[in-house]
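Remarks on the structure that follows.
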Amino acid sequence: MGVSQMIYLDNAATTFPKPESVYNTIDDCMRNHCANPGRSGHKMAMESARIVEDTRDLVAKLFNIKNPMDVVYTFNATDSLNLAIKGFLHSGDHVITTTMEHNSVLRPIMELEKIGVEHTFVKADSEGRVDPKDIESAIKDNTKMIAIIHASNVVGTLIDIDSIGKIAKKHNICYLVDASQSAGIYEIDVESMNIDMLAMPGHKGLLGPQGTGILYVNGSIKLDSQRQGGTGSRSAEIVQPDLYPDKYESGTHNTPGIAGLGAGVEFLLETGIENIRNHEEELAQYMIDEILKIDGITLYGPKSAKERAAVIALNIRDLDSGEVTFRLDREFDIATRSGIHCAPLAHESIGTIKQGAVRFSLGYFTKKEEIDEAIKALKIIASEE
């Protein structure tokens, strides 16, 4: 089986394949009008600028963002989260987050500890659940931010971001949501959910290419820019402009990537988020049910697909998770991910910090037949002494 014919169950890392329209749009952009947007007045540059702004409009529509200029382009979710966290918090501030977070939240917070930013890690239970009441109990007089992952990248557990948003609003605290595993799959409304900042990659659920990311920043929030340089605006000034989104978008945009991202979001809007979610939920529940029938396998996280994204972590007895993933790849042509998944505190929460876990993550283009092949492979490995 060729590489492109593998059974790809690593969508939590990056979705594959993409809609055909994404490939075609990127190719068209590269071949026909990939000039520098916002830097020149000729037709190619103007077309590139139109693509950048049209995609911004599509992202705003998807998340009910009233002002598209509040949509900031970044390189990936990690870039978005660094801008949100480091651009907002200052010495003496306190931030609340959870033990289910990815290192792209944990590491910026730990870095800010060096300048006097305090933090509280609210502990999740053994299935990755976080009680909103525990978030509220952690609030202090100097709490300035609550940063929460929507869906765990380890076990898929969904956190009640709506309830936490109400808590943040009640206490007038900035609310940052990491939607890396949920954007494009679950309904997220920044207005009704009281979300002040929403971070996501373009290359996962939004079905765009790698090298693209989004940070929604409520227009009332002023972040310190983390990268200064050319913006194509107020070029006679040698200080960074305070215009949105220019303040945070120094340098040439990834125009072909943004074009592909726009095509991905268009696909989502045409297909319907609910249809995408239902497909992934149905397949995830089927896989969970089949895994639970196999002796020797430990499944982590909630057993109901309605309580989790289509991210399924497991171990086979005491086998090294890396060895299992290696065998799935080499013997069965199945792509998964093993180890700690850049989320050490999440693995501590579910009790897998030493063994890690084998992660299967499904996507909109995953087929039931592929799940059946994965189950067969797991049965073979689990049956061996």
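The values are calculated or read from the model by the stated rules, or taken from the named source; none is laboratory data. If you're wondering where the values come from, they're calculated on a predicted model, not measured in any experiment. Note that each Cβ is placed from the backbone with ideal geometry, even for glycine, and that neighbours are counted across all protein chains shown.
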| request: Give the residue that is nearest to residue 246 (Cα to Cα), with candidates limited to residues of segment 189-231 that are of a type in the set (A, V, I, L, M, F, W, C), outside any strand (DSSP E or B) and touching a strand residue (DSSP E or B) at 6+ places or on another chain (Cβ under 9 Å). | output: 223
| said: Go through segment 296-341 and report how many residues are in a strand (DSSP E or B) and touching a helix residue (DSSP H, G or I) at 6+ places or on another chain (Cβ under 9 Å). | reply: 15
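When you scan segment 33-150 for helices (runs of 4 or more DSSP H) that lie fully inside it, which ones turn up with 2 or more residues that are surrounded by fewer than 18 Cβ atoms within 10 Å (Cβ to Cβ)?
Qualifying helices (runs of 4 or more DSSP H): 43-62, 103-112, 132-137.
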| message | Against the conditions (1) basic (Lys, Arg); (2) out of contact with any strand residue (DSSP E or B) (no Cβ under 6 Å at 6 or more places or on another chain); (3) crowded, with 16+ Cβ neighbours inside 10 Å, where does residue 367 fall short? Just the number, please. | response | (3)
| said: I'd like to know if segment 163-174 contains one or more residues that are crowded, with 24+ Cβ neighbours inside 10 Å and under 16 Å from the mean Cα position of the chain (by Cα). | reply: no
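Step by step: first the residues of segment 328-364, then only those that are among the charged types (D, E, K, R) and closer than 27 Å to residue 278 by Cα, then the one that is surrounded by the fewest Cβ atoms within 10 Å (Cβ to Cβ). Which residue is that?
333
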| query | Out of curiosity, is residue 75 of a type in the set (A, V, I, L, M, F, W, C) and touching a Gly at 6+ places or on another chain (Cβ under 6 Å)? | reply | yes
| Has segment 300-308 got any residue that is loosely packed, with under 15 Cβ neighbours inside 10 Å, polar (S, T, N, Q), more than 21 Å from residue 204 (Cβ to Cβ) and modelled with pLDDT of 95 or more? | yes
| Members of segment 258-275 found to be touching a strand residue (DSSP E or B) at 6+ places or on another chain (Cβ under 9 Å) and crowded, with 18+ Cβ neighbours inside 10 Å, listed by number | 258, 261
| message | Quick check on segment 145-168. Is at least one of its residues farther than 26 Å from residue 277 by Cα and out of contact with any strand residue (DSSP E or B) (no Cβ under 7 Å at 6 or more places or on another chain)? | response | yes
| request: Please work out which one of (1) buried (at least 18 other Cβ atoms within 10 Å of the Cβ); (2) touching an Asp or Glu at 6+ places or on another chain (Cβ under 8 Å) is the condition residue 16 fails and give its number. | output: (1)
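Would you point out which residue out of 63, 16 is more than 30 Å from residue 373 (Cβ to Cβ) and either aromatic (Phe, Trp, Tyr) or in the same structural domain as residue 280 (by TED's automatic domain parsing) (or both)?
63
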